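S.K.: This is the structure, below, for whatever I ask next.
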Amino acid sequence: MNRVVHFEIHAADPERTSQFYRDVFGWRINEWVIPGVVMPQENRYWVVDTGSPEVRGIDGGMVVRRGAAPVEGQAVNAFVCTIGVASVDESLEKVLAAGGTVAVPKMPIPGVGWLAYFKDLEGNIVGLMQDDR
């Protein structure tokens, strides 16, 4: 079966957005540097490591946003990723503390768990899923 193996977050301010995801999820995010090569601003890339040697995650990257940020209230027009968390409530607290906002409050998904969506500092929408059958 085909599965998602990589994601990318678009950000006007990748350093600030990297810190947001470090604070909320503890992800390791580092700029990809090629020795001896100076990357133009628009080609800079950050590697996002979401897992550990014991529990692999789907890793990704962060790129410089090349267009306008999402407008408040517009319909979703992107591929939204949902992150499995131990507690939606605790994760939303971290999102708010790091400057993000709640896009869709916590709701039950019968037979599955709890789901909520937040917006990061760049207006990107991200899901949170807590298993609770």
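The values are calculated or read from the model by the stated rules, or taken from the named source; none is laboratory data. Since the model is a prediction, treat every value here as computed from it, not as a measurement. When we count neighbours, we look across all protein chains shown, and the Cβ atoms used for this are built from the backbone with ideal geometry, even at glycine. Note: accessible area is taken over every heavy atom of the protein model, side chains too, but ligands, DNA and RNA are not part of it. Shrake-Rupley method; radii C 1.70, N 1.55, O 1.52, S 1.80 Å.
S.K.: How many of the residues in region 82-105 are open to solvent by 50 Å² or more (accessible area, probe 1.4 Å) and of a type in the set (Gly, Ala, Ser)?
M.R.: Total meeting the criteria: 3.
S.K.: Which condition number in (1) open to solvent by less than 30 Å² (accessible area, probe 1.4 Å); (2) touching a residue at least 40 places away in the same chain (Cβ under 8 Å); (3) more than 16 Å from the chain's Cα centre (by Cα) is the one that residue 113 fails?
M.R.: So residue 113 meets the others, but not (2).
S.K.: Hey, among 74, 41, which residue is under 18 Å from residue 8 (Cβ atoms), modelled with pLDDT under 95 and of a type in the set (S, T, N, Q)?
M.R.: After applying the criteria, what remains is 41.
S.K.: Out of region 16-37, which residues are in contact with an Asp or Glu (Cβ under 6 Å, 6 or more places away or on another chain) and surrounded by 19 or more Cβ atoms within 10 Å (Cβ to Cβ)?
M.R.: Result: 17, 20.
S.K.: Return the pair list, or none, for Cβ contacts closer than 8 Å from residues in region 13-31 that are on the phi < 0 side of the Ramachandran plot to residues that are in a helix (DSSP H, G or I) and of a type in the set (Ser, Thr, Tyr), at least 6 apart or on different chains.
M.R.: Correct list of pairs: 24/91; 25/91; 27/21; 29/18; 29/21.
S.K.: Same structure again: So which residues in region 54-81 are open to solvent by 70 Å² or more (accessible area, probe 1.4 Å) and either within 12 Å of the chain's Cα centre (by Cα) or basic (Lys, Arg) (or both), if there are any at all?
M.R.: 56, 66, 79
S.K.: Identify, by number, the condition in (1) free of Cβ contacts under 8 Å to residues at least 12 places away in the same chain; (2) open to solvent by 80 Å² or more (accessible area, probe 1.4 Å); (3) more than 16 Å from residue 124 (Cβ to Cβ) that residue 51 doesn't meet.
M.R.: For residue 51, the exception is condition (2).
S.K.: Select from region 89-99 the residues that are closer than 24 Å to residue 11 by Cα and either in contact with a strand residue (DSSP E or B) (Cβ under 7 Å, 6 or more places away or on another chain) or not in a loop (DSSP other than H, G, I, E, B) (or both) and list them in ascending order.
M.R.: 91, 92, 93, 94, 95, 96, 97
S.K.: Of the residues that make up region 100-107, is at least one in a loop (DSSP other than H, G, I, E, B) and hydrophobic (A, V, I, L, M, F, W, C)?
M.R.: No, because not a single residue in region 100-107 is in a loop (DSSP other than H, G, I, E, B) and hydrophobic (A, V, I, L, M, F, W, C).
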